[in-house]
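Notes follow the structure.
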Amino acid sequence: MPHPHLTVETSPAGYRCLRLSRPERRNALDESLLRAVTDALDAEPGVPVLLASADPRVFSAGADLTITDAERAAVSDLFYACCETIVTRPGPVIAVVTGPAVGGGAQLAAAADLRIAGPGARLRWTGPPGLDLTVGAWVLPDLVGRGAAMDLVLTGRWVEAAEALALGLVNQVCDDPEPVAAGIAAGLASRGAEAGVKSVMAAGGLLDRLRAEQSANRSAWARALAGRPAS
C-alpha cells in the first residue's frame, strides 16, 4: 500500500525513484515512513534506485523528534536496518541531495553507493545531545578516511556542498543533480545490477561497523529509557 509520505516511481529507463515527501517535517522519518523506504528498496533489489526528496529545499532532517523516546529508539534501529539494505542490495542506490541532510538523513545519504549533490546540499552527522549516540562512525571512514571522519562525528559540524565534494562525501555537485543522477541510474540499469561489485565493497568491516554502531545505540537508548545517565 502506498505511503502518504513516500513517492515511488518506475522509469522506463529501468530504474526506480523514491522521493521522501513530508515537507512539513523536513522529511523527518518515523517508524512507518522508514519501514516504507526499506520495503521499497527491498521490493526490486536488483534495480537501481534514486533516493531523493520531493522538496528540493531539504533531503531529510533524520529521525522525527516529535515522537516518543521509545518510538525514537525503534526508529534508530530501523535506520541501521535500512542502511544495511542499501549496502547489501545488489542494485545501486544513488542519493540526490539538494538540501540539508542531518543525523539519520545524512546516514542514509552516506550509505548510498553514489551521492549527487546540489549547491544547497549540507550534511551533518549528529544526534540529540545527552543520549550518547554514535552517528556515522560506521560509514564515514570508508568515504573520507579516519581523521576526517573523527572530525565530522566528534564535532557534528555542518559540511557544505563544496567541502563535501573535496572530502569525497559526494561524487558530484551540480546545479540540477536529479537529471544527472537519473542518467547514471539509466546507464547502470542498461548494464545490469553489478551485484558482485557491491558484495566486494561491503566486505572488509563495513557491515561489522554498522552493526557495532547499531548495538551501541541500542544500549544508549536502553539507558535513556531506563532513566539512567549515559556512561
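The values are calculated or read from the model by the stated rules, or taken from the named source; none is laboratory data. Remember, predicted model here, so these are calculated numbers, not experimental data. No Cβ is skipped: glycine too gets one built from the backbone with ideal geometry, and neighbour counts run over all protein chains shown. Remember, those area values only see protein heavy atoms, side chains included, never the ligands or the DNA or RNA. Shrake-Rupley method; radii C 1.70, N 1.55, O 1.52, S 1.80 Å.
Given the criteria over 23 Å from Val58 (Cα atoms) and surrounded by 24 or more Cβ atoms within 10 Å (Cβ to Cβ), does Trp138 qualify? Yes; evaluated as a whole, the condition is true for this residue. Among the numbered criteria (1) touching a residue at least 60 places away in the same chain (Cβ under 8 Å); (2) open to solvent by 10 Å² or more (accessible area, probe 1.4 Å); (3) in contact with a His (Cβ under 9 Å, 6 or more places away or on another chain), which one does Val47 miss? So the condition that Val47 fails would be (3).
Against the numbered list (1) closer than 29 Å to Arg157 by Cβ; (2) among the aliphatic types (A, V, I, L, M); (3) modelled with pLDDT of 95 or more, Val8 comes up short only at (1). A Cβ distance below 7 Å, combined with a sequence gap of six or more or placement on separate chains, defines the contacts here; from segment 124-135, residues that are over 12 Å from Thr155 (Cα atoms) reach residues that are assigned to a loop (DSSP other than H, G, I, E, B) in the pairs Leu131/Ala230; Asp132/Ala230; Leu133/Gly127.
Restricting attention to segment 50-87, the residues that are surrounded by 18 or more Cβ atoms within 10 Å (Cβ to Cβ), of a type outside the set (A, V, I, L, M, F, W, C), within 16 Å of the chain's Cα centre (by Cα) and in a helix (DSSP H, G or I) total 4.
The set of residues in segment 88-103 that are outside any loop (DSSP other than H, G, I, E, B) and open to solvent by less than 10 Å² (accessible area, probe 1.4 Å) comprises Val93, Ile94, Ala95, Val96, Val97, Ala101.
Consider segment 190-210. How many of its residues are assigned to a helix (DSSP H, G or I), among the small types (Gly, Ala, Ser) and open to solvent by 30 Å² or more (accessible area, probe 1.4 Å)? If you could, list the steps in order and put the result at the bottom.
Kept after step one, since they are assigned to a helix (DSSP H, G or I), are these residues of segment 190-210: 190-191, 195-202, 206-210.
Those left that are additionally among the small types (Gly, Ala, Ser): 190, 195-196, 199, 202.
From the residues that got through so far, the ones that are open to solvent by 30 Å² or more (accessible area, probe 1.4 Å) too are 190, 195-196, 199.
Of the residues in segment 190-210, 4 are assigned to a helix (DSSP H, G or I), among the small types (Gly, Ala, Ser) and open to solvent by 30 Å² or more (accessible area, probe 1.4 Å).
Here Leu41 clears all of (1) open to solvent by less than 40 Å² (accessible area, probe 1.4 Å); (2) assigned to a helix (DSSP H, G or I); (3) at pLDDT below 95 except the condition numbered (3). Scanning segment 4-27 for residues that are without any contact (Cβ under 8 Å) to a residue 60 or more places away in the chain, open to solvent by less than 40 Å² (accessible area, probe 1.4 Å) and not basic (Lys, Arg) turns up Leu6, Leu18, Leu20, Ser21. Could you check segment 104-119 and list, in sequence order, the residues that are in contact with a Lys or Arg (Cβ under 8 Å, 6 or more places away or on another chain) and open to solvent by 20 Å² or more (accessible area, probe 1.4 Å)? If the condition is that a residue be in contact with a Lys or Arg (Cβ under 8 Å, 6 or more places away or on another chain) and open to solvent by 20 Å² or more (accessible area, probe 1.4 Å), then Asp113 is the only one that fits.
Note on segment 158-173: residues that are open to solvent by less than 70 Å² (accessible area, probe 1.4 Å) and either free of Cβ contacts under 8 Å to residues at least 40 places away in the same chain or of a type in the set (Phe, Trp, Tyr) (or both) amount to 4.
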